[in-house]
Amino acid sequence: MILNKTKKSIISKKEKICTSTPSQALGLMFQPKRNLIMIFEFETKINLHMFFVFFPIDVLVVDAHLKIVEIKRNFRPWTFWSSTLKGKYVVELGFRGKYEEGDEITLS
């Protein structure tokens, strides 16, 4: 579950967790609409593509302190995107919620 601590609201009730490189590379490709969390060992700039993902998503780049540092809204199929800031977590939301840069979240 992903909670928006700042807004006291639920962002996601259920999501797939990806910690391995293969699961992160596959991401939401060929998957039904869902939410996903990628957890990296270190904070890094994020490069994503939407090949074989057939629905738009929002992407949250979250730092090691669980603060949303960057948001890519309405990331469309068959496109690329690179973050300008580093994150330790990437949250891909097929089912979107209410959040803004600077909000703190909780992962449980």
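The values are calculated or read from the model by the stated rules, or taken from the named source; none is laboratory data. Since we're looking at a predicted model, the values are computed, not measured. Cβ: placed from backbone, ideal geometry, glycine included. Neighbour counts: every protein chain shown.
A compact table of results
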| read-out | value |
| --- | --- |
| So THR44, is it polar (S, T, N, Q), in a loop (DSSP other than H, G, I, E, B) and touching a strand residue (DSSP E or B) at 6+ places or on another chain (Cβ under 9 Å) | no |
| Within region 1-19, considering residues that are of a type in the set (Val, Ile, Thr), surrounded by 12 or more Cβ atoms within 10 Å (Cβ to Cβ) and under 19 Å from ALA64 (Cβ atoms), the one farthest from the chain's Cα centre (by Cα) | THR6 |
| Test: residue in region 80-89 that is in contact (Cβ under 8 Å) with a residue 60 or more places away in the chain, at negative phi and of a type in the set (Gly, Ala, Ser) | no |
| Near pairs, Cβ below 7 angstrom, 6+ apart or cross-chain, from region 47-63 (on the phi > 0 side of the Ramachandran plot and touching a residue at least 12 places away in the same chain (Cβ under 8 Å)) to any residue that is crowded, with 22+ Cβ neighbours inside 10 Å and not in a loop (DSSP other than H, G, I, E, B) | none |
| Verdict on VAL53 being out of contact with any Asp or Glu (no Cβ under 8 Å at 6 or more places or on another chain), part of a loop (DSSP other than H, G, I, E, B) and of a type in the set (A, V, I, L, M, F, W, C) | yes |
| Any hit, region 16-27, residues being in a loop (DSSP other than H, G, I, E, B), out of contact with any Leu (no Cβ under 7 Å at 6 or more places or on another chain), without any contact (Cβ under 8 Å) to a residue 60 or more places away in the chain and of a type outside the set (Lys, Arg) | yes |
| Residue ID - nearest to ASP103 (Cα to Cα), chosen from residues in region 20-74 that are among the basic types (Lys, Arg) and surrounded by fewer than 15 Cβ atoms within 10 Å (Cβ to Cβ) | ARG73 |
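Here's the yes/no breakdown for (1) among the aromatic types (Phe, Trp, Tyr); (2) modelled with pLDDT under 95; (3) under 22 Å from THR106 (Cβ atoms):
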residue	(1), (2), (3)
ALA25	no, yes, no
GLU41	no, no, yes
PRO56	no, no, no
VAL59	no, no, yes
